[in-house]
1. What length, rounded to one decimal in nm, is gained on full extension from Ser164 through to Glu182, with 0.36 nm per residue of separation minus their alpha-carbon distance?
2. Give the Rg/Rh ratio for segment 9-166, taking Rg as the radius of gyration of the Cα atoms and Rh as the Kirkwood radius, to two decimals.
3. Filter the GluC sites (Glu not before Pro) in segment 68-156 down to the DSSP loop ones having no more than 12 other Cβ atoms within 10 Å, then list what survives.
4. Want the number for Val138 to Glu32: 0.36 nm per residue separation, take away the alpha-carbon distance, what's left?
5. Calculate one ³J(HN,Hα) per residue across segment 235-249 by plugging θ = phi - 60° into the Karplus curve 6.51 cos²θ - 1.76 cosθ + 1.60, and present them in order as whole Hz with x for glycine and proline.
6. Nearest 20 debye, what's the magnitude of the dipole of the chain about its Cα centre given +1 on Lys and Arg Cβ and -1 on Asp and Glu Cβ?
7. Working from the pairwise distances between different alpha carbons, so that the mean of 1/r is found and then inverted, what is segment 221-289's Kirkwood radius in Å?
8. Running a GNM on the chain with Cα contacts under 10 Å, which residue among Gln255, Gln149, Gln22 ends up with the highest mean-square fluctuation?
Amino acid sequence: MQVEWQGALARHFGSDLNLLLQQFGAEVVHAEELTRLVSRRQRKAVFKLKLADGRLLKARRFRTGQEVVLAAALAPLLDGRHYSRVLANLGTSTLEEWRSGTVLAAEAVTTGHARKAGELLGRLHMTTGLPGPEAAPVLMVAEHLGLMQEHLAALLEQGVLASSDAASLLELALGTMPAHFEAGLIHGDFCIENMVVSSSGELVLIDNESMCVGPLDFDIARAWCRWPMTTAARAGFVTGYTQFRGLESFTPHCQFWAIRALLMSVYVHLKHERPCQPAVTALKRLAAGAESGYWASLAQVER
């Protein structure tokens, strides 16, 4: 019902959205909520908007105004063929392009798709002209370790992990922790859930709100944890990525960054009262001595 979506927009965006829409000279005739991890504690929100003139836009509410400022600063650096971009921003809200396409299902991923995805991530990691630390601060390695310890403590307290698993994960993290890392523009959630294939066959990243400046190797680990690939697809991804950047720094420290990514995912899900069992399983596998931490079984990945 119209009253329902109008109320949802007002509740999430206040007056900011109406002020942004005035720049486009059209009114909203329908809205559909696309928010993930909906819970009592959710401050973020995403809606698909249909305007009276037929145009489609995406309205997004961020947690903080600082995140919006960063998203707007990074938007001009993105290749418009492959990334939906911020069109306007105000307060904690943005209006973004709506990019139509076919959702890329896991079973439909080809080696070509994976290679192109690797190229996109490699090219993104080599982006220049980034904002300075005042707009895009970068955490040091010790701070990443501190967050891992904080997340481990929370998972122990809530009974998600056994103390033996937590001890093994911390020992593994300390043993594979890098002394330093290369920072750059990272996506933060590079996986097929955030991609569509356009009518021209291009891969398009449609949800880029997690972009920031951070450890490039974390971004690879996060992508591979979230997107378990077949052996052939992984090889294609590496071929694409290494056209722009090598994996020499990633390989010896991949477990540190995988643990960091998985702990963060579980912690965020638990905050929203939505347990993320696949990520918990991946953490337990790492604690038991597995080489990699995927959100799916190795039997599925290595078929």
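Where a number appears in this text, it was derived from the coordinates with a stated rule and is not lab data. All of these numbers come straight from a predicted model, not from anything done at the bench. Quick reminder, even Gly has a Cβ in these numbers, built from the backbone with ideal geometry, and neighbours come from all protein chains shown.
1. Fully extending the segment from Ser164 to Glu182 adds 3.3 nm.
2. Rounded to two decimals, Rg over Rh is 1.02.
3. Glu134
4. 34.7 nm
5. Per residue, the Karplus-derived 3J(HN,Hα) values read 4, x, 4, 4, 4, x, 5, 6, 5, 10, 7, x, 10, 4, 7 Hz.
6. The dipole of the chain has a size of about 460 debye.
7. Computed over Cα pairs of segment 221-289, the Kirkwood hydrodynamic radius comes out at 13.3 Å.
8. Gln22
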